[in-house]
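Shown next, in structure tokens, is the structure this report addresses.
The values are calculated or read from the model by the stated rules, or taken from the named source; none is laboratory data. No experiment lies behind these values; they were computed from the predicted model shown. Methodologically, a virtual Cβ is constructed for each residue, glycine included, from the backbone with ideal geometry; neighbour enumeration extends over all protein chains shown.
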Amino acid sequence: MDPLELSRQLTDRAVRAPRKLGQAPYRTLQLAAVEPGETPYDVVYEEHPVRLRRYDPEQATDATPVVIAYAFINDPSILDFSPDRSVFGRFLDRGIPVYVVDWGDPSPIDRSLGLEDYVTRFLANCVDAVREREGTEAVHLLGYSTSVPLVVAYAALFPDRVRTLVLQGPPIDFRAGDDMELFRTLATGHDHDRVSRAFDAVPTPLLEIGLACRRPVEYTVTAPLWLWDRLDDPAFVEQQGRKLEWVQGGPDIPARLYREFVEDLLLENRLIENDLELGGRRVDLSAIDAPTLLVLGEDDRFVPRAASVPILEEIGSDEAEIVELPTGHVGLSVAEVAHERGWPRIVDWLAERG
């Protein structure tokens, strides 16, 4: 760095330090009080531990609804991050009803729930509830991150119920790419067999600890310093508070689902190799004939592009596109560029086919 620029930055930090110290108590309260997920919704279907949320557009239309299956290790509130950065809001503004599968927190008696239950029971029942409520044969289906394999499996088993398929940050080929840090941690950072035997429901903080151990400096030093550096920026503090609340709100994972996800998908890569069976049926990706859209982040450190695009070679759809944005995995939901350039295009793509 240029010495003059370094001197300028050090002077700026020194001048701002007293102000930040004075604001620290208020900013701490602001950090703790704010949370994502402000759009009102109704729960229209429940099957423990799963709940189906419905978000109503202000103006009713005959648009085909979108069903969003969010990552089962996180809370879906990141898709409703703030009033100006809400994925739900992008659909609702276009008059498209939004249904969100909230996987919920399993109890100890749910330890035997596995991939088959989540795909052919919970997700299938939620989609059927939407189809019956909306009077439609098929829905727009959107999967995010760890729920993408579930959504893809559903679309292969029930292709007639899926009008379009949108896959956001999609981990598909778990042997592609060298940067799938989250999934490498799940597969190699823990003894998954011991974990699944020790817990009826695997706590998501255990997975967060695994990530923190892989990048201890970023988690314990860099992130807090970054927050301190901008503590006198109320908009930034509010944004960080929403992210912290979201990170802490993830549901636990049934022991069997955790074990099968690691063994069948991460280690044996059965989905992309068309070797996965659910409910006595083989998940044949070539059965997917719905228009398919991949939503990728150019800077995604959890799911590299190479782990997503192979699905386009396996599905039977003759209409597939990629939207790639200059942001990371979480940024696909919350980044300014995603809401300026990405989601308007995604909603247009979906509406044109609905």
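Odds and ends about this structure:
- Only listed residue being out of contact with any Leu (no Cβ under 7 Å at 6 or more places or on another chain), in the same structural domain as L115 (by TED's automatic domain parsing) and within 19 Å of I68 (Cβ to Cβ), chosen from V347, V323: V347
- Hits in segment 48-69 (condition: buried (at least 18 other Cβ atoms within 10 Å of the Cβ) and among the aliphatic types (A, V, I, L, M)): V50, L52, A63, V66, V67, I68, A69
- For segment 118-140, filtering for residues that are surrounded by fewer than 21 Cβ atoms within 10 Å (Cβ to Cβ) and in contact with a helix residue (DSSP H, G or I) (Cβ under 9 Å, 6 or more places away or on another chain) leaves 7.
- Boolean, F122 is within 22 Å of R281 (Cβ to Cβ), assigned by TED's automatic domain parsing to the domain that holds I172 and at pLDDT below 95: no
- Selection status of A129, more than 15 Å from the chain's Cα centre (by Cα) and closer than 21 Å to D318 by Cβ: no
- Within segment 130-150, the set of residues being touching a strand residue (DSSP E or B) at 6+ places or on another chain (Cβ under 9 Å), closer than 22 Å to G331 by Cβ and of a type in the set (V, I, T) comprises V148 only.
- Of all residues assigned to segment 318-332, none qualifies as being under 15 Å from H140 (Cα atoms), in contact with a Gly (Cβ under 7 Å, 6 or more places away or on another chain), of a type in the set (D, E) and surrounded by fewer than 22 Cβ atoms within 10 Å (Cβ to Cβ).
- Those residues of segment 72-99 which are aliphatic (A, V, I, L, M), surrounded by fewer than 22 Cβ atoms within 10 Å (Cβ to Cβ) and under 17 Å from the mean Cα position of the chain (by Cα), in sequence order: I73
- Which listed residue, of T28, T39, is under 32 Å from the mean Cα position of the chain (by Cα) and either modelled with pLDDT of 85 or more or in a loop (DSSP other than H, G, I, E, B) (or both): T39
- If the condition is being modelled with pLDDT of 90 or more, in a helix (DSSP H, G or I) and not acidic (D, E), then segment 80-119 contributes V87, F88, G89, R90, F91, L92, I109, L115, Y118, V119.
- Residue list for segment 319-336, restricted to those being touching an Asp or Glu at 6+ places or on another chain (Cβ under 8 Å) and not in a helix (DSSP H, G or I): E324, L325, P326, T327, G328, H329
- Total residues in segment 65-79, condition in a strand (DSSP E or B) and either in contact with a Cys (Cβ under 9 Å, 6 or more places away or on another chain) or modelled with pLDDT under 95 (or both): 2
- For segment 283-318, a residue qualifies if it is over 25 Å from L267 (Cβ atoms), part of a loop (DSSP other than H, G, I, E, B) and among the polar types (S, T, N, Q), and exactly one does: S317.
- Taken across segment 136-143, residues that are assigned to a helix (DSSP H, G or I) and modelled with pLDDT of 95 or more do not occur at all.
- Filtered residue count, segment 247-297, keeping only those that are modelled with pLDDT under 95, within 30 Å of A335 (Cα to Cα) and either touching a Leu at 6+ places or on another chain (Cβ under 9 Å) or surrounded by 23 or more Cβ atoms within 10 Å (Cβ to Cβ) (or both): 8
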